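*Asks:* Attaching a single structure in structure tokens format; questions to follow.
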């Protein structure tokens, strides 16, 4: 077997292991994929100048967030339909996160009920992500998450409508699946995946059920669940509604504009995740790393700022931390590991990120991560300065 030494190797393995329609769902992006590519290209443009003759014999990779210690500055981003890559995918990701001492964020669109995830996975740092499709259902999810012991609530705010994911449209991807001749041929070429899925049984959105919102108007709830449409009436004022329901840390995921970052804090948010949904929403959006410095500057230390999008190695986390992020969240690389080797693959990917991080810290002369923002590292050229966050890159090239 070819050694899997990095995210690209795991991506290739996932591509071989999954039917095309599943791989395209995991790996794909909106429109022409320009935003997804910018995430990676702009990270590559951020350079860090090493410092030498520092004691890096025992680099400290841990950080503290909301009073909890993370062993590394990584978290598992919320991702839907993980059971499509590997049965029990949500539980496998959560267990690996717990083993590595980092948080796991369960998606509203998970394939396991939020209570069952807490019961089945090893004790760890569990956060809950929220999509608001119907207010009654959302209230039920928030209340259930609080009872189950989730530590933070992550409201995704960049999906008023779904992005134009043309690969999914071309593949006829939808849930529940409607078999076609092309679909069946695709599945037959991947018998191991088909066997695992057949043994696992029916896949569904376990947290999106009518019985979970008994007080809601049944007709409007059924319509929302049928179309999976988001509540487009959600506004800044809606955060007061959530704050009444949720007493723990509340984070907004999908913030890219400095003005939105300031408004988020004014309306009670406790943290922000700079994200363009991995390039899966607006193809015209800036890369997450380009937007990060402006958001950090806007909140001015008033709340922790996290980032996701394009993170493929440990050095990418250091780049983000040098530009003001507290930590980064990982998405596709973990799904590549999950798809190709199940729980062992997720563990291997997280182990590689840890090793990458430790090596990168030693090579840059970093003793601990708390000192990264003020460590004297030179971050790229003038266009990478936090005072000019939107000008890291104007690259608009073709998809690789």
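*Asks:* If you consider only alpha-carbon coordinates, what radius of gyration and Dmax does the chain have, in Å?
*Replies:* Just the Cα atoms of the chain yield Rg and Dmax of 20.4, 67 Å.
*Asks:* Modelled label-to-label distance, residue 344 and residue 66, 7 Å Cα→beta-carbon offset: nm?
*Replies:* 3.4 nm
*Asks:* Roughly what would the spin-label model give for residue 244 and residue 188, points 7 Å off Cα along C-beta, in nm?
*Replies:* Using points 7 Å along Cα→Cβ, the separation is 5.7 nm.
*Asks:* Quick one: the Cα spread of region 58-167 along its three principal axes, in angstroms, biggest first?
*Replies:* Largest first, region 58-167 extends 47, 36, 27 Å along its Cα principal axes.
*Asks:* When the chain is treated as a GNM, springs tying every alpha-carbon pair under 10 Å, which of 124, 314, 67 comes out with the largest mean-square fluctuation?
*Replies:* Top of the fluctuation ranking is 67.
*Asks:* Considering Cα pairs under 8 angstrom that are at least six residues apart, work out the relative contact order of the chain and quote it in whole percent.
*Replies:* 28 percent
*Asks:* Take the alpha carbon atoms of region 205-364, find their radius of gyration, then divide it by 2.2 N^0.38 Å using N residues; give the quotient.
*Replies:* After normalising by residue count via 2.2 N^0.38 Å, the value is 1.22.
*Asks:* Identify which of 103, 249, 87 has the largest mean-square fluctuation in a Gaussian network model of the chain, with springs joining Cα atoms closer than 10 Å.
*Replies:* 249
*Asks:* Set the Förster radius R0 to 60 Å, insert the Cβ-Cβ distance between residue 233 and residue 53 as r into 1/(1 + (r/R0)^6), and round the FRET efficiency to 0.05.
*Replies:* Working from the Cβ atoms, E equals 0.55.
*Asks:* Another question, then. Where in region 342-356 does the amide nitrogen come within less than 14 Å of the point 7 Å from the Cα of residue 16, taken along Cα to Cβ?
*Replies:* none
*Asks:* What is the extension gain from residue 196 to residue 32, computed as 0.36 nm multiplied by their sequence separation minus the C-alpha to C-alpha distance, in nm to one decimal?
*Replies:* Contour length minus Cα-Cα distance gives 55.8 nm.
*Asks:* Sticking with this structure for a sec: Provide the FRET efficiency to the nearest 0.05 for the residue 120-residue 371 pair, computing r from the beta carbons and using R0 = 35 Å.
*Replies:* For R0 = 35 Å, the calculated efficiency reads 0.40.
*Asks:* Ok, one more. Could I have the simple spin-label model distance between residue 300 and residue 351, label points 7 Å from Cα toward Cβ, reported in nm to one decimal?
*Replies:* Here the modelled spin labels are 4.7 nm apart.
*Asks:* By what distance, in whole Å, do the Cα atoms of region 314-360 stretch along each of the three principal axes, largest value first?
*Replies:* That works out to 33, 20, 11 Å along the principal axes.
Since every read-out is calculated from the coordinates, none of them should be taken as a lab result. This structure is a prediction, so every number in the text was calculated from the model and none was measured. Cβ sites come from the backbone with ideal geometry, for glycine too, and all protein chains shown count toward neighbours.
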